[in-house]
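One structure is given below, encoded as structure tokens.
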Amino acid sequence: QVQLVESGGGLVQAGGSLRLSCAASGRTFSSYVMGWFRQAPGKEREFVARISWSGGNTYYADSVKGRVTISRDNAKNTVYLLMNSLKPEDTAVYYCAAGTYGGAWSTNYNYWGQGTQVTVSS
């Protein structure tokens, strides 16, 4: 069982940056692929980024590639999402997730956090 708690969301102007954190409980954090997803009002949840258990392999959605960096610190049971050059269309609730297989499909993730709101003003 893994419990995930996101933090770091907030209101930021377009062009600004935010770093989201996701703290995990449980001793098996390092064995999970970690992902970030987001859901904007009236839209389906969409994939943002994922990172392998070791941190050596990352994958990003085209919509954020070049602006976002996912990283993890297994010693701290934490995964991060650094977002730069934020756009109003990045406004959404951001969720972190843990799964055995990962990838871009939400169904591959077994555990989810409660989400943190990111709002980008124009």
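The values are calculated or read from the model by the stated rules, or taken from the named source; none is laboratory data. Quick caveat, the model's predicted, so the values are computed rather than measured. FYI the Cβ positions are ideal-geometry reconstructions off the backbone, even for glycines, and counts take in every protein chain you see. Ligands, DNA and RNA are stripped out before the accessible areas are found, and what is left, the full protein with its side chains, is counted by its heavy atoms. Shrake-Rupley method; radii C 1.70, N 1.55, O 1.52, S 1.80 Å.
Across the range 42-50, coupling constants 3J(HN,Hα) worked out from phi with the 6.51/-1.76/1.60 Karplus curve, θ = phi - 60°, read x, 10, 6, 5, 10, 6, 10, 6, 8 Hz, and Gly and Pro carry x. Bridgeable lysines around residue 43 (alpha carbons under 25 Å apart, same-chain partners fewer than 8 residues away excluded): 65, 87.
Working ranking of peptides 52-59, 33-40, 70-77 by packing, defined as the average number of other Cβ atoms within 10 Å per residue, highest first, is 33-40, 70-77, 52-59. Taking every DSSP beta bridge that has both ends in the chain, the antiparallel portion is near 90%.
Looking at the range 1-107, the GluC sites (Glu not before Pro) that sit in a DSSP loop and have at most 11 other Cβ atoms within 10 Å of their own Cβ are 44.
For the range 54-122, the per residue solvent-accessible surface stands at 50 Å², with DNA, RNA and ligands left out and a 1.4 Å probe. Of the solvent-accessible surface of the range 51-107, computed with a 1.4 Å probe and all protein chains present, 52% belongs to carbon and sulfur. Charge dipole of the range 9-99 (Cα centre as origin; +1 on each Lys and Arg Cβ, -1 on each Asp and Glu Cβ, all else neutral): 180 debye, rounded to the nearest 20.
Each Cα pair under 8 Å and six or more residues apart adds its sequence gap; the mean of these over the residue count of the chain is a relative contact order of 36 percent.
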